[in-house]
Amino acid sequence: MSVTLEDVHYIAKLARLELTEQEATQAQKDLNKILSYMDELNQIDTSNVEPLEHVFDFETRLRPDVPEPPVPHDDALRNAPDADSDYFRVPKVIE
């Protein structure tokens, strides 16, 4: 399979990209190189290779999920950049 200039222009249109003819030609060459490399990879015998989730064998280290008391209301408001007695002040987002 090979990528044509029409394919490149179609992909650029979908991605809302404006390519010059020189950029489109370069993209065509690059995409064809990628596809030829993928063809090389497809020729490799992987029938005896076990599927992997990750190349490294490691365990995810997470802290224990232990419930803790919530931050007191006054402490939370004290850390806010702008507060009004009981509430956080934020910029207006709906007009």
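Tell me which residues, restricted to the stretch 22-60, are in a helix (DSSP H, G or I) and either touching a strand residue (DSSP E or B) at 6+ places or on another chain (Cβ under 7 Å) or among the charged types (D, E, K, R) (or both).
Within the stretch 22-60, GLU23, LYS29, ASP30, LYS33, ASP39, GLU40 meet the criteria.
Among the residues of the stretch 64-76, are any closer than 30 Å to TYR87 by Cα, of a type in the set (Gly, Ala, Ser) and not in a loop (DSSP other than H, G, I, E, B)?
The answer is yes; a qualifying residue exists.
Are any of the residues in the stretch 63-72 surrounded by 10 or more Cβ atoms within 10 Å (Cβ to Cβ), modelled with pLDDT under 90 and more than 30 Å from ASP7 (Cβ to Cβ)?
Looking for residues that are surrounded by 10 or more Cβ atoms within 10 Å (Cβ to Cβ), modelled with pLDDT under 90 and more than 30 Å from ASP7 (Cβ to Cβ), one finds at least one in the stretch 63-72, hence yes.
For (1) more than 27 Å from the chain's Cα centre (by Cα); (2) surrounded by 10 or more Cβ atoms within 10 Å (Cβ to Cβ), each residue gets a yes or a no:
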site	(1), (2)
ASP7	no, yes
GLN26	no, yes
TYR37	no, yes
ASN42	no, no
SER47	yes, no
LEU52	no, no
PHE56	no, no
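Assess whether LEU19 counts as being surrounded by 10 or more Cβ atoms within 10 Å (Cβ to Cβ), outside any helix (DSSP H, G or I), touching a helix residue (DSSP H, G or I) at 6+ places or on another chain (Cβ under 8 Å) and not β-branched (Val, Ile, Thr).
So LEU19 fits the description; yes.
The values are calculated or read from the model by the stated rules, or taken from the named source; none is laboratory data. Owing to the predicted nature of the structure, the values given are computational and were not obtained by experimental measurement. Every residue, glycine as well, gets a Cβ built from its backbone with ideal geometry; the counts of neighbours run over all protein chains shown.
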